């Protein structure tokens, strides 16, 4: 089987998505890049190898996501991997969230992935193989940045959608893989672009990774599908500690130590 894959990446105009596109392009894969910012997408495409295509997309619109699928299939013949990476943060505590803010964060972080899943999985089933990779967040598991409440809740919902999809497909379509990638703090423009800015992180949060470090993990998951993976091994240990004694962990987190 040809090891060069045809990959759709949402949220590809910067950060993890851009780093992944450049890494995959350098390895000979063909990438379809989706985001709202066309100029930034074209810059990424220029670094992502010949054959990269740009599809300006508002991932909160189902029709845009279906168009993305159609153009990728038209350009490449088929799609092997679909990476739901688009996301946006917000700094609001639970009691301060407005309806509009909550709805926007859910649309960008959860509904966009749902649209991607529903667009591409029938294509994968028809081909008998494929791979959905959803990019979540460590904050979906451990409440170390409570001012990201809506974002954290959205990513937790994404985790559940991913797990349910994986179980649904496992029996009848074992070669259609579904993976959850869980980064922690990443040195990208995400913090800067979050609605309401970004306060200082708690001392319990693992040190930031680069976008390329996270992209390398996603690329490895493409080669060896797994159910889920933390991009930083320290994150898994912290999540396990949290689940072992939620009350004690949250007392410590509240002190910021």
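The values are calculated or read from the model by the stated rules, or taken from the named source; none is laboratory data. Just so it is clear, the model here is predicted, and its values are computed rather than measured. Please note: Cβ atoms are built from the backbone with ideal geometry, for glycine as well, and neighbour counts cover all protein chains shown.
Collect the residues in the stretch 126-156 that are in contact with a helix residue (DSSP H, G or I) (Cβ under 9 Å, 6 or more places away or on another chain), more than 22 Å from residue 240 (Cβ to Cβ) and in a helix (DSSP H, G or I), keeping them in residue-number order. 149, 150, 151, 154 - these are the residues of the stretch 126-156 that are in contact with a helix residue (DSSP H, G or I) (Cβ under 9 Å, 6 or more places away or on another chain), more than 22 Å from residue 240 (Cβ to Cβ) and in a helix (DSSP H, G or I).
Within this structure, residue 160 passes the test of being at pLDDT 90 or above, surrounded by fewer than 21 Cβ atoms within 10 Å (Cβ to Cβ) and in a helix (DSSP H, G or I). With respect to (1) under 22 Å from residue 213 (Cα atoms); (2) in contact (Cβ under 8 Å) with a residue 40 or more places away in the chain; (3) surrounded by 17 or more Cβ atoms within 10 Å (Cβ to Cβ), the lone exception for residue 79 is condition (1).
Scan the helices (runs of 4 or more DSSP H) fully inside the stretch 29-111 and keep the ones with 3 or more residues being closer than 18 Å to residue 151 by Cα and touching a helix residue (DSSP H, G or I) at 6+ places or on another chain (Cβ under 7 Å).
Filter on the stretch 29-111 gives 99-106.
Within the stretch 1-21, the set of residues being touching a residue at least 40 places away in the same chain (Cβ under 8 Å) and not in a loop (DSSP other than H, G, I, E, B) comprises 6, 7, 8, 9, 10, 15, 16, 17, 18, 19, 20.
Any residue that is part of a loop (DSSP other than H, G, I, E, B) and either touching a strand residue (DSSP E or B) at 6+ places or on another chain (Cβ under 8 Å) or at pLDDT 90 or above (or both) - is there at least one of those in the stretch 212-223? No, there is no match, as no residue in the stretch 212-223 is part of a loop (DSSP other than H, G, I, E, B) and either touching a strand residue (DSSP E or B) at 6+ places or on another chain (Cβ under 8 Å) or at pLDDT 90 or above (or both).
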